[in-house]
Amino acid sequence: MGALCTLWLGLVLLGVLGALQTSAQAQVSLQPNFQQDKFLGRWFTSGLASNSSWFREKKNVLSMCMSVVAPTADGGLNLTSTFLRKDQCETRTLLLRPAGTPGCYSYTSPHWGSTHDVWVVATNYEEYALLYTAGSKGLGQDFHMATLYSRTQTPKAEIKEKFSTFAKTQGFTEDVIVFLPQTDKCMEENK
C-alpha cells in the first residue's frame, strides 16, 4: 500500500512539474509596440516547426500556403488560410481573439476544441513575421509551433536564418524545422 501511495505521489509531482515546465516554455517575448494595422494583409506560410506527431508525419508533403489577416470588430483578427490538400484548394478561417497585450491572441482549435495561444514574436511588417503557438490537444499532449510568415513566396536567406534561430531557441531541433516549398496552386484564392 505504501509503495502505491509513493508511486501515486511521484506521478502527481511529475504532472505538476510538467505543468510548470509547460508554462515556462510558453514565456515568449512579443514584438515591441506591436501595430496590428500594419500586420494585416496577405502573408505566405514559409516556415514551420512543431512538436506535433501529425507535423512530423506530414512535413515532407506540406507546401507553402497563403493567409490573409483581416481585423474583426472586437479587435481580433480573422486568419484565412488557403492551402493544397489532396490536389484541391481548401480554405479555413481562424478567429484570433485578443488576449491582453497587443500581439498576443488566442483561438479555439476546430479539431481539438482546445484553446491555443499565439504570440507575434517579431515582425518588420513588410517582409516577415515570427509567430509562436502553444496549446494542448488533450491530457499530456502539449502542442507548440513556430511559424515564419513572409510577404513574398521567396523570403531572404537572412529571414530564414532568423526563423531557424528563433525555432531553436524555442526548443525545436533541426529535423522539425521546415521551409515549405513554393507552389502556384491555391495562391490566388484570397487576394
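The values are calculated or read from the model by the stated rules, or taken from the named source; none is laboratory data. Computed from a prediction, not measured in an experiment: that's the story for all the values here. When we count neighbours, we look across all protein chains shown, and the Cβ atoms used for this are built from the backbone with ideal geometry, even at glycine. The area values use the complete protein model at the heavy-atom level, side chains included, leaving out ligands, DNA and RNA. Shrake-Rupley method; radii C 1.70, N 1.55, O 1.52, S 1.80 Å.
At-a-glance table
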item: Per-region count, segment 143-157, residues surrounded by fewer than 18 Cβ atoms within 10 Å (Cβ to Cβ) and closer than 18 Å to Ala49 by Cβ; result: 1
item: Matching residues in segment 79-103 - criterion: being more than 27 Å from Ser63 (Cβ to Cβ) and buried (at least 18 other Cβ atoms within 10 Å of the Cβ); result: Gly103
item: So Gly171, is it open to solvent by 20 Å² or more (accessible area, probe 1.4 Å) and either among the β-branched types (Val, Ile, Thr) or at pLDDT 80 or above (or both); result: yes
item: Where a residue in segment 57-78 is surrounded by fewer than 16 Cβ atoms within 10 Å (Cβ to Cβ) and its partner, wherever it lies, is at pLDDT 90 or above and in a helix (DSSP H, G or I), with Cβ under 9 Å and at least six apart; result: Pro71/Gln36; Pro71/Asp37; Gly75/Gln36
item: Segment 127-161, residues that are without any contact (Cβ under 8 Å) to a residue 60 or more places away in the chain, in contact with a helix residue (DSSP H, G or I) (Cβ under 8 Å, 6 or more places away or on another chain) and not in a strand (DSSP E or B); result: Glu127
item: Close pairs (8 angstrom Cβ cut-off, 6 or more residues apart or separate chains): within 15 Å of Leu40 (Cα to Cα) and assigned to a strand (DSSP E or B) in segment 88-115, open to solvent by 50 Å² or more (accessible area, probe 1.4 Å) and of a type in the set (Lys, Arg) anywhere; result: Tyr105/Arg97
